[in-house]
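The structure under discussion appears below in the form of structure tokens.
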Amino acid sequence: MRFLKGRGAYVVGGVVVALLWCATAALGQTEPPAATESEEAAEAEAPYPQFPMPEDPGLRPPQDVEIVDFPDDEGNCLLLNWEPSPDDSAPARPREFFDLKRGEFRFMSAAHKQQRREEWDAAAAEANKRERSGYVIRRKPTSQAEFLWEPNGETGPVFSPVIILPGFRQYQDNDFQFLVPIGEDSVLRGESPPTPEELLEMREEQSLLDPRLTRWDYEIRYFEDGRMSEPVVMANTGPRGNYYNRKWTNVLLMGLVSSILIISFIFSARSGRELYVRPVAGLQAVDDAVGRATEMGRPILFSAGFAGVDNISTIAAMVILGRIARIAAQHGTKIIVPCLDPVVMTALREVVREAYVSVGRPEDYEEDRIFYLTGAQFAYAAGMAGIMVREKTAANFYMGYYYAESLILAETGFMAGSIQIVGTDSYTQLPFFIVACDYTLMGEEFFGASAYLSREPKLLGSLKGQDYSKLLIAVFMTAAILVATVAGLAGADGIAEWTQQLFQYASS
Amino acid sequence: MSTPELVGTWIAALLTFCALSFLYKDNPFYKFAEALFVGVSAGYGAAYVVHQVFYQDVIIPLSVCFQVAGQEPSAILQVINRIVPCILGVMILSRFIPSIGWMSRWPLAFIIGYGTGFNVVYIVQTFLLPQIYGMITPLVEIVRPGEAPYEGLTWGGVMVLNTVSNLVLFVGVLSVIAYFFFSKAHTGSYGKFTRFGVWMLMLGFGATYGNTVMARMSLLIGRIQFLLYDWIEGAIGLSLPG
């Protein structure tokens, strides 16, 4: 019972209390209430038209049907536009995606869009409920003889008819990847659900698809109360890719301005001009931590995070590892680098090897100290915890992107008595690192660390360029907010929305 | 409970206790669980890559491409798309032959260069613009005639809480940006402003901390539920109250 004295008593007591609390919570949890019978019945009675319906020459089809390529995409989407059938009593809904007459995207604020959508959906649903009406669209490859109501995959690719609520004037067809046939036996079978083998087959067939190389026919009809109009057919059409995405013009401009600033500061630094960078506490502690490990005769542990080698955080971690490895090589301190990704491991080996070569000690470089541990998140954390307590590492560096394992790493290192320095842009994990580690480089500090440590003109210029980019963004943002405020007080919503549109992003 | 399930539940329960034993200190039980976990996950990862990546993304597509090469114009493009990454992957393996080990740097340079360039656009699109976009709202919000009635506190037609919230957001964001501005020392009134930014950061981190801790508690509860219901009730056969 010796372990129940001192720290052991606290640990055991804490664990018992936590387990009791969790057991109470676990026993107290109840099953969620099942759906009531009336809810299930209401869902089952929802109207759904059955096709084919008898054609009624008295019902008029939609007017002015046209097919256009969806702008600013890779060539996997088409837009069908039409004017409502004169028999369609639902209020005509504006086209959301692209306004052909104005030749541009309609801009609305998110709240405005949501409000209008709810109004239109309610009106369309009401009209549909009253008359069970709407539009039905079918599609087939031009090479296929006729449109099918229930495609079985034997005579053509599977494409179920699409039903559109009344009042709509546009359909965005981005479903091409499931349709294109390859050769005689590439047609997807109609049975559902598909078997795992069929899913595999579908996936591989999709990988070969290029909708831009296939031509398509469409037909659209209006239906109402179990009857449908004659079709309007649009033949031999297909999507095409666009080289320039106009919605990303603001990204291009921001990139250009930032690049110009960075390049200017790099040239300025190379010309010998002294560039000031304020000191950051965590960075100054890096040298101290390596020195501490040397004095104690214990190793340094370095982790490059959980992201791939193409991630910015991992690249920044590599630069910092180079600095740490150089100091460790000079002092003859052992450095351990367990890796989560084999490609990252290869890159880190290069970084450490070059550091040892650069200080004239290539013979001290041991490749086996930078090794692949495992690719699984928590297995990696368990392995790291084991290394910390068994190797008794004097300094732990966690640089890169981290997920839920952050507290396991940081807390174990704290219990092992290591000095711990963190650099990450993972804002969800920063709180854990801040409470459990000695120094934390947050976000931009982490990216600026490489420049601060190396003092290389290229990196310093880059840091200064980013600084002034941030300044520009802050100035523009402040100006935009002030304009929006004044416009809002004056009731000029158009100006406020236009200001916001300058910073519109792809999914807004 | 079938025999395989029974054995699996017992193994899972015992390994759970082995892992939890690390709370006291490093011990042989934890070492066993750790070695098993790391080894199994590494082996599973290797098998996953071979089956899900190499077999499904390389072998099968290439075989399909070669079968339909005469009928499908895009097949040759797809062959190139698969072959080039394979060549780059093989180049990484050149490290095992010292005389051509330099070739392993090319794919690394490609991946890092691609990642950096791609991320510039990705980060601006995903993180920078949405945050700026969300920031651009009027600082002062007023109640307008004809709109839905506002039920919150108002003063002279101004929505007080919304306005205060917008002002805190605006000043908070500017102060945090100032904190991450490296070209000026944090001294004087500017230093105090950046100090306010640090406070804003810590407030945000505190909220995140509390939120995430509760999520971790739910994970622990899930593990306790496994021990209570699957192991004690299902495998051992004891009945629990409730």
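Please treat every number below as a calculation from the coordinates, not as lab data. Computed from a predicted structure; not experimentally measured. FYI the Cβ positions are ideal-geometry reconstructions off the backbone, even for glycines, and counts take in every protein chain you see.
For a label point 7 angstrom out from the Cα of B:TYR122 toward its Cβ, which stretches of region A:344-365 have the backbone nitrogen within less than 16 Å? Those under the cut-off are A:344. Among A:279-289, A:464-474, A:296-306, sorting by the average number of other beta carbon atoms lying within 10 angstrom of each residue, highest first, gives A:296-306, A:464-474, A:279-289.
For A:GLY134, the residues whose modelled amide H falls within less than 5 Å of its own, excluding neighbours fewer than 5 places apart on the same chain, are A:PHE223.
Shown in residue order for region A:221-234 are the 3J(HN,Hα) couplings computed by the Karplus curve 6.51 cos²θ - 1.76 cosθ + 1.60 at θ = phi - 60°: 9, 9, 10, 7, 6, x, 10, 9, 7, 5, x, 10, 9, 10 Hz (x for Gly and Pro).
Remark: spin-label model distance B:TYR55-A:GLN63 equals 5.9 nm, labels positioned 7 Å along the Cα→Cβ axis. Let me know the shape class of region B:152-242, please: from the alpha-carbon gyration tensor, a ≥ b ≥ c as square roots of the eigenvalues, rounded when a/c is under 1.5, otherwise prolate if a/b is greater than b/c, or oblate. Oblate, because a/c is 1.5 or more while a/b does not exceed b/c.
I'd like the FRET efficiency for B:MET214 and A:ALA145, computed as 1/(1 + (r/R0)^6) with the beta carbon distance as r and R0 of 51 Å, rounded to 0.05. Efficiency for this residue pair is about 0.25.
Rounded to the nearest 20 debye, the dipole magnitude of chain B is 920 debye, with +1 charges on Lys and Arg beta carbons, -1 on Asp and Glu beta carbons, and the Cα centre as origin. Each principal axis of region A:275-455 carries a Cα extent, and these read 40, 40, 33 Å when sorted largest first. Does anyone have the angle between helix B:3-20 and the longest principal axis of chain B? Alpha-carbon axes, 0 to 90°, nearest 10? With both axes taken from Cα atoms, the answer is about 50 degrees. Label sites at B:VAL140 and A:ALA92, each approximated as a point 7 angstrom past Cα along Cα to Cβ, lie 4.2 nm apart. Given axes a ≥ b ≥ c from the Cα gyration tensor, I'd like to know whether chain B is rounded (a/c under 1.5), prolate (a/b larger than b/c) or oblate. Note, shape of chain B comes out oblate.
Spatial offset of region B:195-211 relative to region B:63-132 amounts to 40 Å, using the alpha carbon center of each.
Between A:LEU489 and A:TYR372, residue separation times 0.36 nm minus the direct Cα-Cα distance comes to 36.1 nm. Stretching A:GLU83 away from A:SER271 to a fully extended chain increases their span by 61.2 nm, per 0.36 nm per residue minus the current alpha-carbon distance. Three semi-axes describe the equivalent ellipsoid of region A:269-364; taken as square roots of 5 times the Cα gyration tensor eigenvalues and ordered largest first, they are 22, 20, 15 Å. For region B:120-242, a crude dipole built from +1 on the beta carbon of Lys and Arg and -1 on the beta carbon of Asp and Glu, taken about the Cα centre, is about 560 debye to the nearest 20.
Collect residues whose amide H, placed 1.01 Å from N in the peptide plane, falls under 5 Å from the amide H of A:SER85; neighbours closer than 5 in sequence don't count. For A:SER85, whose amide H was placed from the backbone, the distant partners under 5 Å are A:GLN63. With r defined as the distance between the Cβ atoms of B:ALA109 and B:LEU23 and R0 fixed at 51 Å, what FRET efficiency is calculated, to the nearest 0.05? My answer for the efficiency is 0.70.
Across peptide B:37-44, the average count of Cβ atoms from other chains found within 10 Å of a residue's Cβ is 6. Across peptide B:119-132, the mean count of Cβ atoms from other chains lying within 10 Å of each residue's own Cβ comes to 6. Take each residue of peptide B:209-219, count the partner chain Cβ atoms within 10 Å of its Cβ, and average: the result is 3.
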